[in-house]
Amino acid sequence: AMLDPDSGLSLTIARIVQRLKGSSLHSQLERQARVSLHKPEIKLESLKEDIKDFLKTSGWEKKLQNAVYSELNVFPAPCHPAAPPEHMKEPLAYMRKAQGSWEKRILKSLNSMCTELSIPLAQKRPVSEQKELLSKWNEMGTDEPDLSLFRPVYAPKDFLEVLMNLRNPNYENGEQLSFRNHLGLIQVPLKVKDIPELKEDFSELGLNIGQLGIDDSAQVPPEFFENEHVRVGQKVLAEQDSAAAQQYVRQGCPTALRADLWALILNISNQPEDILYYEQLKSNVIQHDLLVDSLIFKDVKLTASNDDYYFVFEDYLYQVLLCFSRDTSVLEHFTYSSATPPKSYIRGKLGMEEYAVFYPPNVNYNSFILSVAPLCFLYHEPSKLYQIFREMYVRFFFRLHSISSHPSGIVSLCLLFETLLQTHLPQLFYHLREIGAQPLRISFKWMVRAFSGYLATDQLLLLWDRILGYNSLEILAVLAAAVFAFRAVNLMEVTSLAAAE
């Protein structure tokens with residue numbers, strides 16, 4: 001049932017007011033309003049208006065707008081008031097069920113690793129160990145612990161396998177294919193955009209609009225477009241308006257302005273309380289040893305240490321990921337994610353809620369590392385780097401690791417990729433399918449990692465500009481299909497999956 005727009009709007013407003021009430025912005029605004037009472041220009045007879053004017057001229061109204069805009073970007077549109085709460089997480093029951101059993105599988109894998117290695121999920125570190133960790137917090141990479149016994153919780157191909165087996169129980173097996181003649185690996189009927197819809201949504205990527213980093217084919221001399229674009233970018237930053245920044249980055253960010261523009265879009269200002277919060281997470285890492293710490297260590301060693309670009313950031317990666325695995329504020333995103341936070345029970349207390357601990361909110365390490373590493377190029381202050389990563393995660397990256405029907409979710413991205421390829425390059429699609437090189441088997445890992453580790457960093461950041469600009473991950477599927485289109489002639493010649501790769 002459609003909501004009538006007014007009640008939908010008032011629901012949204014009520015929810016945003018509720019969310020901002022507990023925020024530090026709310027207390028800062030109250031403090032500012034109190035301070036303003038002592039100003040001569042504020043008169044008792046026009047108190048309310050005068051205070052409003054003061055907040056406007058002193059820049060606080062802009063901060064409030066950005067906070068509201070940020071909430072609108074993250075939270076889904078309100079459901080019908082009668083809809084059950086789990087619909088906000090994921091409206092399709094079979095998707096919720098699939099996500100649930102995938103989570104059980106991951107936890108089982110973690111728990112069996114604990115049993116095999118007889119290591120608890122979490123334990124307090126002895127004081128001597130705490131001191132040692134604190135003293136080398138900025139050079140954890142120098143450690144060489146023996147991690148040969150730890151294994152990754154799962155690989156991208158295990159996850160793809162699960163997505164390939166998804167079925168909508170409302171369709172009979174025979175009916176499934178006829179309704180959509182889809183020959184790809186993903187067999188669920190979700191609505192994905194066709195080319196005309198994508199053209200409309202991504203209109204700023206049209207060929208007649210200048211793009212930073214690709215202006216060699218433009219009609220104007222490249223330096224003219226670039227200088228103008230930089231000038232506009234500086235103006236957007238001066239205005240401190242999140243919505244304008246989000247519109248601006250759709251044509252790409254000048255390198256010098258990117259860190260500030262992204263922070264503005266994500267509404268992150270690195271206030272003293274944010275730095276304090278980061279310090280608390282850090283002290284939690286120092287006091288408690290989690291099983292995942294070893295997995296994070298192992299993955300950073302395997303991923304970043306062997307990467308020409310990223311090995312220099314090894315220490316940053318440990319800091320951000322170890323803190324992230326302890327951050328309970330990340331649990332908020334589970335209200336609109338199809339996922340449920342993993343829970344463990346203190347030994348011998350299984351099923352007793354008061355002994356439940358959320359064990360770590362975040363379990364897909366390998367792709368995490370690659371999603372933090374590029375940010376290290378932009379942010380060198382650990383608490384800010386941390387906040388940017390956390391915000392990117394709760395807005396975007398979690399969708400790449402959970403099963404849902406969301407247009408930016410990994411299932412929709414896979415389907416969009418396959419549909420684009422099947423409709424626009426049918427011969428190539430059939431050829432690859434015939435030789436056992438289903439295109440999605442090749443592109444899945446690009447999409448699940450948002451292309452990190454597959455594109456040079458400067459190109460990757462230009463791609464992520466667009467993710468932020470359009471508040472959507474659909475561009476990943478479009479790019480993956482474009483790579484196949486670009487290589488189509490050569491791909492028509494190959495006869496095996498290995499050759500296609």
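The values are calculated or read from the model by the stated rules, or taken from the named source; none is laboratory data. Source: prediction; values computed, not measured. Please note: Cβ atoms are built from the backbone with ideal geometry, for glycine as well, and neighbour counts cover all protein chains shown. Note: areas computed on protein heavy atoms with side chains; ligands, DNA, RNA excluded. Shrake-Rupley method; radii C 1.70, N 1.55, O 1.52, S 1.80 Å.
Within the stretch 137-147, the set of residues being surrounded by 13 or more Cβ atoms within 10 Å (Cβ to Cβ) and either part of a helix (DSSP H, G or I) or of a type in the set (Gly, Ala, Ser) (or both) comprises 137, 140, 141.
Criterion applied to 82, 98, 67 was being closer than 26 Å to residue 406 by Cα and either assigned to a loop (DSSP other than H, G, I, E, B) or in contact with a His (Cβ under 7 Å, 6 or more places away or on another chain) (or both), and the one residue passing it is 82. Among the conditions (1) open to solvent by 30 Å² or more (accessible area, probe 1.4 Å); (2) outside any helix (DSSP H, G or I), the only one that residue 150 does not satisfy is (1).
Of all the residues that make up the stretch 279-335, how many are among the acidic types (Asp, Glu), open to solvent by less than 50 Å² (accessible area, probe 1.4 Å) and part of a helix (DSSP H, G or I)? Qualifying residue count, the stretch 279-335: 4. State all residues of the stretch 402-431 that are within 17 Å of the chain's Cα centre (by Cα) and assigned to a helix (DSSP H, G or I); if no residue qualifies, say none. Across the stretch 402-431, the qualifying residues are 410, 411, 412, 413, 414. One residue stands out in the stretch 432-463 among those that are assigned to a helix (DSSP H, G or I) and in contact with a Ser or Thr (Cβ under 7 Å, 6 or more places away or on another chain): the one that is surrounded by the fewest Cβ atoms within 10 Å (Cβ to Cβ), namely 460. Considering the stretch 110-131, the residues that are aliphatic (A, V, I, L, M) and closer than 16 Å to residue 296 by Cβ include one that is surrounded by the fewest Cβ atoms within 10 Å (Cβ to Cβ), namely 117. Restricting attention to the stretch 224-249 and to residues that are of a type in the set (Asp, Glu) and farther than 26 Å from residue 57 by Cα, the residue that is surrounded by the most Cβ atoms within 10 Å (Cβ to Cβ) turns out to be 226.
Anything in the stretch 58-69 that is of a type in the set (S, T, N, Q) and either over 19 Å from residue 24 (Cα atoms) or without any contact (Cβ under 8 Å) to a residue 24 or more places away in the chain (or both)? List them, or say none. Answer for the stretch 58-69, where residues must be of a type in the set (S, T, N, Q) and either over 19 Å from residue 24 (Cα atoms) or without any contact (Cβ under 8 Å) to a residue 24 or more places away in the chain (or both): there is none. Residue count for the stretch 163-193 satisfying the condition of being at pLDDT 90 or above and open to solvent by less than 20 Å² (accessible area, probe 1.4 Å): 5. When the stretch 237-265 is filtered for residues that are at pLDDT below 95 and of a type in the set (D, E, K, R), the ones remaining, listed by number, are 239, 241. Restricting the search to the stretch 464-480, which residues are not in a helix (DSSP H, G or I) and not hydroxyl-bearing (Ser, Thr, Tyr)? Answer for the stretch 464-480, where residues must be not in a helix (DSSP H, G or I) and not hydroxyl-bearing (Ser, Thr, Tyr): 471, 473.
Against the test of being part of a helix (DSSP H, G or I) and either over 30 Å from residue 407 (Cα atoms) or open to solvent by 50 Å² or more (accessible area, probe 1.4 Å) (or both), the options 160, 134, 107 yield a single qualifying residue, 134.
Taken residue by residue, the stretch 205-216 has no member that is within 29 Å of residue 382 (Cβ to Cβ), open to solvent by 40 Å² or more (accessible area, probe 1.4 Å) and modelled with pLDDT of 90 or more. I'd like the full set of residues that are of a type in the set (D, E, K, R) and open to solvent by 40 Å² or more (accessible area, probe 1.4 Å), limited to the stretch 83-102. Selection gives 86, 89, 96, 97. The single condition among (1) closer than 25 Å to residue 105 by Cβ; (2) open to solvent by 40 Å² or more (accessible area, probe 1.4 Å) that residue 485 does not meet is (1).
Only residues that are closer than 18 Å to residue 242 by Cα and either of a type in the set (Lys, Arg) or part of a loop (DSSP other than H, G, I, E, B) (or both) were counted in the stretch 48-62, giving 4. Against the definition (over 18 Å from residue 242 (Cβ atoms), at pLDDT below 80 and exposed (fewer than 12 other Cβ atoms within 10 Å of the Cβ)), how does residue 77 come out, yes or no? So residue 77 fits the description; yes. Assess whether residue 112 counts as being free of Cβ contacts under 8 Å to residues at least 60 places away in the same chain, small (Gly, Ala, Ser) and closer than 30 Å to residue 283 by Cβ. When the stated conditions are applied, residue 112 does not pass them. On the basis of being assigned to a helix (DSSP H, G or I), free of Cβ contacts under 8 Å to residues at least 24 places away in the same chain and over 24 Å from residue 254 (Cα atoms), does residue 498 make the cut? In short, yes. If you go through the stretch 226-263 and pick out every residue that is part of a loop (DSSP other than H, G, I, E, B) and of a type in the set (Lys, Arg), you end up with 0. For the residues 47, 55, the requirement of being in contact with an Asp or Glu (Cβ under 9 Å, 6 or more places away or on another chain) and without any contact (Cβ under 8 Å) to a residue 40 or more places away in the chain singles out 55.
For residue 420, the stated conditions hold: it is at pLDDT 95 or above and over 20 Å from residue 469 (Cβ atoms).
Within the option set 71, 41, being at pLDDT below 85 and open to solvent by 50 Å² or more (accessible area, probe 1.4 Å) holds for one residue only, 41.
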